[in-house]
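What follows is one structure encoded as structure tokens, with my remarks underneath.
The values are calculated or read from the model by the stated rules, or taken from the named source; none is laboratory data. The structure presented is a predicted model; accordingly, all values stated were derived computationally and were not measured. Positions of Cβ are backbone-derived with ideal geometry, glycine not excepted, and every protein chain shown enters the neighbour counts.
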Amino acid sequence: MNRKKILAISGSTRINSINSAYIKALSELYADRLEIFVYKDLSGLPHFNPDHDIEPAPEAVADLRKQLRAADGVLICTPEYAMGVPGTLKNAIDWTVSSCEFSHKPVMLITAASMGEKAHESLLGTLKIIEANVAETNLLIPYAKTKISTDTKITDAETLGKIKEIMRIFIETIGK
């Protein structure tokens, strides 16, 4: 079976974030079907400015866009900061509005936070307006730290079941 290429973006810039742990857990669980690459330069992107959204794009922006175009799908796993989407993640998405890399792209959104409702709702709205294919492939994981072990195993059976269900839909969507 040809493994699909997935670009994973952690909304957290922390080196050892819970969101990165969830990405690692999914990479391990689906290693036979998905080749998950982690985007590593979220904090290196310049602040979005429409006056600078021209061709050629700034180098870091061009690299993000290239990685998004090359991916069969995108996995976003993000925390909630101050009841909203982390600024660095929103900044990255803003850089793709005019170039449309998310348009009709299969996206799986996991908001893994203490609570997360506000960030999840906000990010879903943003992804839908830029036409990302995310309708059935999103999940809010409240109290996320309590549902994954230090060795990146999802320990909560209900959470694992929900992840497996949306991953099934995500993989099917990518295959179409």
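Do we have I169 as surrounded by fewer than 22 Cβ atoms within 10 Å (Cβ to Cβ) and of a type in the set (A, V, I, L, M) here? Spelling it out, I169 is indeed surrounded by fewer than 22 Cβ atoms within 10 Å (Cβ to Cβ) and of a type in the set (A, V, I, L, M).
Checking E80, E59 one by one, the residue that is farther than 16 Å from T137 by Cα, of a type in the set (D, E) and surrounded by fewer than 22 Cβ atoms within 10 Å (Cβ to Cβ) is E59 and no other. Do we find that T173 is at pLDDT 95 or above, in a helix (DSSP H, G or I), hydroxyl-bearing (S, T, Y) and within 17 Å of the chain's Cα centre (by Cα) in this structure? So T173 passes the test.
Can you give me the number of residues within segment 1-33 that are assigned to a strand (DSSP E or B) and buried (at least 22 other Cβ atoms within 10 Å of the Cβ)?
Residues of segment 1-33 that are assigned to a strand (DSSP E or B), as a first pass: 4-10.
Of the ones still in play, those that are also buried (at least 22 other Cβ atoms within 10 Å of the Cβ) are 6-10.
Residues that pass the stated criteria total 5.
Looking at segment 123-152, which of the residues that are within 16 Å of S17 (Cβ to Cβ) and basic (K, R) is surrounded by the most Cβ atoms within 10 Å (Cβ to Cβ)? For segment 123-152, the residue satisfying everything is K147. With a requirement of 1 or more residues that are among the β-branched types (V, I, T) and farther than 24 Å from P46 by Cα, the strands (runs of 3 or more DSSP E) lying completely within segment 57-146 that satisfy it span 107-113, 138-142. Whether any residue in segment 44-56 is in a strand (DSSP E or B), surrounded by 15 or more Cβ atoms within 10 Å (Cβ to Cβ), out of contact with any Asp or Glu (no Cβ under 6 Å at 6 or more places or on another chain) and in contact (Cβ under 8 Å) with a residue 24 or more places away in the chain is what I want to check. No, because not a single residue in segment 44-56 is in a strand (DSSP E or B), surrounded by 15 or more Cβ atoms within 10 Å (Cβ to Cβ), out of contact with any Asp or Glu (no Cβ under 6 Å at 6 or more places or on another chain) and in contact (Cβ under 8 Å) with a residue 24 or more places away in the chain. Within segment 36-56, the only residue that satisfies the criterion of being within 13 Å of D94 (Cα to Cα) and either of a type in the set (G, A, S) or in contact with a Pro (Cβ under 6 Å, 6 or more places away or on another chain) (or both) is P46.
Scanning segment 121-149 for residues that are touching a residue at least 12 places away in the same chain (Cβ under 8 Å) and not aliphatic (A, V, I, L, M) yields S122, T126, E131, N133, E136, T137, N138, P142, Y143, K145, K147. Just wondering, is there one or more residues in segment 155-166 that are in contact (Cβ under 8 Å) with a residue 60 or more places away in the chain, under 15 Å from S114 (Cα atoms) and in a helix (DSSP H, G or I)? Looking for residues that are in contact (Cβ under 8 Å) with a residue 60 or more places away in the chain, under 15 Å from S114 (Cα atoms) and in a helix (DSSP H, G or I), one finds none in segment 155-166, hence no. Pairs are defined by a Cβ separation below 9 Å, a sequence spacing of at least 6 or placement on different chains, a first member in segment 5-17 that is closer than 12 Å to L42 by Cα and modelled with pLDDT of 95 or more, and a second member that is in a loop (DSSP other than H, G, I, E, B) and among the charged types (D, E, K, R); the pairs so defined are G11/E80.
Scan segment 98-122 for residues that are more than 25 Å from K4 (Cβ to Cβ), surrounded by fewer than 17 Cβ atoms within 10 Å (Cβ to Cβ) and not acidic (D, E) and report the count. Number of matching residues: 5.
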